[in-house]
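Rule-based calculations on the coordinates, nothing more; no lab input. Predicted, not measured: the structure shown is a model, and the values here were computed from it. We place every Cβ from the backbone using ideal geometry, glycine too, and count neighbours over all the protein chains shown.
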Amino acid sequence: MRGLVTFILVAGIGGGLFLWQKQHGQKAAPEEIPAATQQQTIASKPALTPAPRGQTSEHNWMKRALDRAADVRDQARAQTKEAQDP
């Protein structure tokens, strides 16, 4: 019973703070940036290019796993297509 009262109390305080923050949050619209400034910032940022498939670092195991999954997917699709072609 004591746990239920504690849960209700914490949930009530959290909900009240959420509603207060939602009502008193930042209402000012973001300032519009002139088009010339936007073009300068876009041009000044270098474009990110992904690494070619299979050229990942040995320490980047997540990227290697995604690359391997893509390779297996492509192989399976190719085998299926070859099997269906007369």
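Cut-off is 10 Å between beta-carbons; in what order do ARG2, ARG73 appear when sorted fewest neighbours first?
On the way: ARG2 6, ARG73 10.
Taking fewest neighbouring Cβ atoms as first place, the list is ARG2, ARG73.
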Query raised in the report: How much length is gained if the chain between LEU17 and HIS59 is pulled fully straight, taking 0.36 nm per residue apart and subtracting their Cα-Cα distance, in nm to one decimal?
Result: 10.8 nm
